[in-house]
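Where a number appears in this text, it was derived from the coordinates with a stated rule and is not lab data. No experiment lies behind these values; they were computed from the predicted model shown. Glycine also receives a Cβ, built like all others from the backbone with ideal geometry; neighbour counts cover every protein chain displayed.
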Amino acid sequence: MTKVVHEVVALAALGVVGYFAGALLSPGGEAQAKNRYALEPPNVEARRAFRYARTEPKSCLEELDRRGFPYKLEKPTKQVDTPLRIAGPVRGVSFALTKRAEPNPDPTSPAAILDCVLALAIDDFAKVLAAHDVVRVEYMSMYRTRGLGFIKPGRRHPSGRAIDVATLTRKDGKTFNVAYDFHGWPGAKTCGEGAAKPRKDTEGARLFREIVCELSDMGSFNLLLTPHYDWGHRDHLHMEVRSDIRWFLIQ
Ligand SMILES: [Zn+2]
């Protein structure tokens, strides 16, 4: 047995190897295609997220105009193809940053910048939310500079391709928070056959699952990660339109 093997065995005995292996599979808590729920759907080219991810800037903006999506163009933003900000309620649903340390984060925070193709999917999201009487979404961020330079363009937060949703507020004034109301656990399945029942059968737990699974059926996002994905997602839904992949991961 070589020295390296000895060390690995010693680390395994301490439970350390599993920890690091897990961390390597999931850098920054984001999804990898290795996940068993990452599947290529039939007719993937016809799925919305796949089409959105390939939309050229000009036709993307035309599509937003056609849909009446409220946006303002943002100045050139590193790694974001067509940077925008949401400029009003989307189908009656307002989108706001969660409260944070910086004073008055709206509307100047970089975290409120998104790429045009994400806006197409957010428009679908708003349609689903409105059908559930949701009128307000609080999100942690869309664009983030952390990871710029090593995360490839066309994916994740440094490309403005993802939104981290924290709370949903309904017309009746009730707010549901992913952190307290999702009632899930890492490893569980979220939608379809064999989907896990929430730990507690509450209104909020049902609402989150219905919305995520309706969006999964619509195919608007190719990554939809809930607290079922991992501990890093215990307090938000990560919703992404990623380029250059054929698989969808809904968990
Ligand atoms: Zn995210």
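Checking the condition surrounded by fewer than 21 Cβ atoms within 10 Å (Cβ to Cβ) and either more than 19 Å from His132 (Cβ to Cβ) or touching a residue at least 40 places away in the same chain (Cβ under 8 Å) (or both), which residue from Ala188, Ala205 passes?
Working: Ala205 fails: either more than 19 Å from His132 (Cβ to Cβ) or touching a residue at least 40 places away in the same chain (Cβ under 8 Å) (or both).
Testing whether each residue is surrounded by fewer than 21 Cβ atoms within 10 Å (Cβ to Cβ) and either more than 19 Å from His132 (Cβ to Cβ) or touching a residue at least 40 places away in the same chain (Cβ under 8 Å) (or both) leaves just Ala188.
Restricting to segment 132-156, count the residues that are of a type outside the set (A, V, I, L, M, F, W, C), within 16 Å of Val178 (Cβ to Cβ) and within 11 Å of the ligand (Cβ to nearest atom). Walk me through it before giving the result.
Initial filter on segment 132-156 (of a type outside the set (A, V, I, L, M, F, W, C)): 132-133, 136, 138-139, 141, 143-147, 149, 152-156.
Subset that is within 16 Å of Val178 (Cβ to Cβ): 132, 136, 138-139, 141.
Still in the list and also within 11 Å of the ligand (Cβ to nearest atom): 139, 141.
So the answer is 2.
Where residues in segment 212-237 are more than 10 Å from Val178 (Cβ to Cβ) and within 12 Å of the ligand (Cβ to nearest atom), which of them is surrounded by the most Cβ atoms within 10 Å (Cβ to Cβ)? Give the steps one after another, and end with the answer.
So in segment 212-237, the residues more than 10 Å from Val178 (Cβ to Cβ) come out as 212-225, 228-232.
Now narrow it down to the ones that are within 12 Å of the ligand (Cβ to nearest atom): 221, 223-225, 229-230, 232.
Details: Phe221: 30, Leu223: 25, Leu224: 25, Leu225: 27, Tyr229: 27, Asp230: 19, Gly232: 15.
Across segment 212-237, the extreme among qualifying residues is Phe221.
Hey, which of the strands (runs of 3 or more DSSP E) in segment 101-202, taking only ones fully inside, have at least 2 residues that are under 16 Å from the mean Cα position of the chain (by Cα)? Talk me through it step by step, then tell me what you get.
Details: elements: 113-115, 134-139, 162-170, 175-177.
Correct list: 113-115, 134-139, 162-170.
Find the residue count for segment 238-251, including only residues that are more than 16 Å from Phe208 (Cα to Cα) and either within 13 Å of the ligand (Cβ to nearest atom) or assigned to a loop (DSSP other than H, G, I, E, B) (or both). I'd like the intermediate steps shown before the answer.
Initial filter on segment 238-251 (more than 16 Å from Phe208 (Cα to Cα)): 240-249.
This time we only want the ones that are either within 13 Å of the ligand (Cβ to nearest atom) or assigned to a loop (DSSP other than H, G, I, E, B) (or both), so: 240-247, 249.
Qualifying residue count, segment 238-251: 9.
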